[in-house]
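Note sheet for the following structure.
The values are calculated or read from the model by the stated rules, or taken from the named source; none is laboratory data. What you are looking at is a predicted structure, and each value in this text was computed from that prediction instead of being measured. A quick note on method: Cβ atoms are made from the backbone with ideal geometry, for glycine too, and the neighbour counts reach across all protein chains shown.
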Amino acid sequence: MGLRVSQDNLAQAAGPPANSVVLRRLPSPSLSTWLVAGLLGLTLVVPFLFDDAKPRDAFALEVRMVSARGGHAQVYYDTGNGFNESESVQVTLQVDQEMSYRFPLPAADYRKFRFDPTTARVP
């Protein structure tokens, strides 16, 4: 069996002419391809849907200390209304134990902070 070569066969082997466009039909995506693409799209978009919602505990102040009296430690934060009870956070202190205390703070534009190390009265 012989191999026959013609001008048409050589032109096809060399590819399309330099100034031509070749359009090829791609295979249709399968259902699993669509599902993966959809899940990937949701994974990328969902975190940005709720971007305007400020997280409740966006920031925190952490203090390491020992309290001889117990009681509560309190942090006041000023967002423009001065120091007040509604803009404060307090934690319960352990007596005679060095501990780290975490004061969760909401997302806000802070102007000043005030730290009261204990609410226990001095005897």
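Here are a few things to note about the model shown:
- Total residues in the stretch 30-75 satisfying the condition of being at pLDDT below 85, assigned to a loop (DSSP other than H, G, I, E, B) and surrounded by 11 or more Cβ atoms within 10 Å (Cβ to Cβ): the figure is 4.
- Candidates in the stretch 76-89 are the residues that are surrounded by 11 or more Cβ atoms within 10 Å (Cβ to Cβ) and of a type in the set (D, E, K, R); of these, the one that is farthest from Phe103 (Cα to Cα) is Asp78.
- Count - residues of the stretch 76-114 that are of a type outside the set (Gly, Ala, Ser) and part of a strand (DSSP E or B): 17
- Any pair with Cβ under 8 angstrom, 6 or more apart, that starts in the stretch 83-103 at a residue that is more than 13 Å from Val63 (Cα to Cα) and ends at one that is surrounded by fewer than 13 Cβ atoms within 10 Å (Cβ to Cβ) and among the small types (Gly, Ala, Ser): Val95/Ala68; Asp96/Ala68
- Which numbered condition Asp116 fails, given (1) surrounded by fewer than 12 Cβ atoms within 10 Å (Cβ to Cβ); (2) under 20 Å from Val66 (Cβ atoms); (3) of a type in the set (D, E, K, R): (1)
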